[in-house]
Amino acid sequence: MSETGVGTEAPDVLRKRMVADLRARGAIASEEVADAFLAVPRHLFAPEVSAAEVYSASEAVFIKYNSRGKPVSSISAPWLQARMLEAAGVAPGMRVLEVGSGGCNAALLAELVGETGSVTSVDIDPDITARARTFLDKAGYTRVHVQQADGAQPLPGAPIRGFDRIIVTVGAADLVSAWVDQLAADGRLVVPLRFRALSRTIAFAREDDHLRSDTLIRSGFVSIQGGSAHAPRSVRLAGRDVRLVVDENQEADADALAQAFHGPRHERWTGVELGEHEGLLPRLEVWLAGAVAPYGRLRATREAAERGLVGWVLERGMPAAWDHGSLAYLTLRSAAHSGSERYELGIISHGPDREQIASRLSDAVVRFDREARNEGEPVVRAYRRDNGKVLHGVTVDKPSTRLTIA
């Protein structure tokens, strides 16, 4: 496609540098995805920022905010778009549905499906669809069909055999039935899904009577709007400084947990260590979501740590479990024998049953280390809530689906 209105070679140079960087980081593995990134003039889809910024962005570029100043639409960072496209496995001739418009990702999809395929991009916000249509036309992608619609609802005119690929580019609180129903028998669904207060972009394929994941990407997206939107509950344990994030309507007695948090503290260290760049903690977080219930995240400000209210809690939060009036959460400390490059996982707990709940969470961490540490990514399976199948163990119940994690 041509770069209408661009009178300099700078975007070309920036694109080549971006693709080289994405290859080096492992975000791009195929020539097809690399060629798509080389072809799409992504700077045309974000005129609010410089070309250099949009091609080198490590985080999303926000393009619209609501009345409270919260971002409601964005263009994802190149590395995340690349990883999602690689996970989707889009090929020429495919019929693709994109839920959440911005224009840039639809252009990449159009390059991948070619002249014989089709791309439909939907968004609930008329401002976003109008913007996407304008920039797609300017960039030369007039064949992309842009439609204002609630992407969580069935799309009128969907292919009879379903879409070959459905790619969701907004954070979803549920794996809605419309996506499963409109997915072809051999299709793939890539969706940023929030569960147990975690956010993972998951690539699903059909397996028997359910969907099975084969790729998990740690990521963050602006939340989906419309009837399927659902925000997690935040239980304040120490004002705004420390809070427990509870998802899927799990029961949590806010008063009892806050009282417990201000009571005696118990520490239990697991002996399980991880390296600074090992990437183990994100896998452990997902694995624990399928092994411990109830389960969520404890978040704390830097000031809370400096005041000694919490142990070492990462900025994005740490896994937490609770039971009536007691709670426990994962923490870290430098491994004594190996300096700053390795860390030991431990549990801090509060409440009348603090020792028991610490032991329960600690046992789960040790079991992960023994049984799953070297087994690759956890597998997420999604079953319809109405299929009547009895599932054993911990389940994550969404309005439309029931998840298991193994």
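The values are calculated or read from the model by the stated rules, or taken from the named source; none is laboratory data. Only a predicted model underlies this, so the values are computations on that prediction, with no experimental measurement involved. Note that each Cβ is placed from the backbone with ideal geometry, even for glycine, and that neighbours are counted across all protein chains shown. Surface areas here come from the heavy atoms of the whole protein model, side chains and all, with no ligands, DNA or RNA. Shrake-Rupley method; radii C 1.70, N 1.55, O 1.52, S 1.80 Å.
For the condition surrounded by fewer than 20 Cβ atoms within 10 Å (Cβ to Cβ) and of a type in the set (S, T, N, Q), Ser219 qualifies.
Can you tell me which residue among Leu298, Leu309, Leu361, Leu330 is open to solvent by less than 30 Å² (accessible area, probe 1.4 Å), more than 22 Å from the chain's Cα centre (by Cα) and hydrophobic (A, V, I, L, M, F, W, C)? Exactly one residue qualifies, and that residue is Leu361.
The single condition from (1) modelled with pLDDT under 95; (2) out of contact with any helix residue (DSSP H, G or I) (no Cβ under 7 Å at 6 or more places or on another chain); (3) open to solvent by less than 20 Å² (accessible area, probe 1.4 Å) that Leu109 fails is (1).
Looking only at the stretch 162-177, residues that are open to solvent by 10 Å² or more (accessible area, probe 1.4 Å) and at pLDDT 95 or above come to 2 in all.
Every condition in (1) assigned to a helix (DSSP H, G or I); (2) within 22 Å of the chain's Cα centre (by Cα) is met by Asp255 except one, and the failing one is (2).
Only one entry of Arg360, Arg384 meets the criterion of being under 27 Å from Thr215 (Cα atoms) and touching a residue at least 12 places away in the same chain (Cβ under 8 Å), and that entry is Arg384. Applying the criterion of being of a type in the set (Ser, Thr, Tyr) and over 18 Å from Leu112 (Cβ atoms) to the residues of the stretch 22-55, the residue that is surrounded by the most Cβ atoms within 10 Å (Cβ to Cβ) is Tyr55.
Among residues that are in a loop (DSSP other than H, G, I, E, B) and buried (at least 20 other Cβ atoms within 10 Å of the Cβ), Pro378 is included. Listed by position, the strands (runs of 3 or more DSSP E) inside the stretch 117-223 whose residues that are of a type in the set (Phe, Trp, Tyr) and closer than 30 Å to Val245 by Cβ number at least 1 are 183-195, 198-207. If you check Ser67, Ser58, Ser76 for being open to solvent by 10 Å² or more (accessible area, probe 1.4 Å), at pLDDT below 95 and within 18 Å of Ala203 (Cα to Cα), only one passes: Ser76.
Can you find even one residue in the stretch 257-275 that is of a type in the set (Gly, Ala, Ser), farther than 24 Å from Arg381 by Cα and open to solvent by 40 Å² or more (accessible area, probe 1.4 Å)? There is at least one residue in the stretch 257-275 that is of a type in the set (Gly, Ala, Ser), farther than 24 Å from Arg381 by Cα and open to solvent by 40 Å² or more (accessible area, probe 1.4 Å).
What residue, of Val190, Val245, is open to solvent by less than 30 Å² (accessible area, probe 1.4 Å), in contact (Cβ under 8 Å) with a residue 24 or more places away in the chain and farther than 24 Å from Leu345 by Cα? Lay out the reasoning, then the answer.
Numbers: Val245 fails: farther than 24 Å from Leu345 by Cα.
Checking each option against the conditions leaves just Val190.
Taking the options Val99, Val146, name whichever one is open to solvent by 20 Å² or more (accessible area, probe 1.4 Å), touching a Ser or Thr at 6+ places or on another chain (Cβ under 9 Å) and of a type in the set (Val, Ile, Thr). Spell out the reasoning first.
Working: Val99 fails: open to solvent by 20 Å² or more (accessible area, probe 1.4 Å).
Only one candidate passes the filter, namely Val146.
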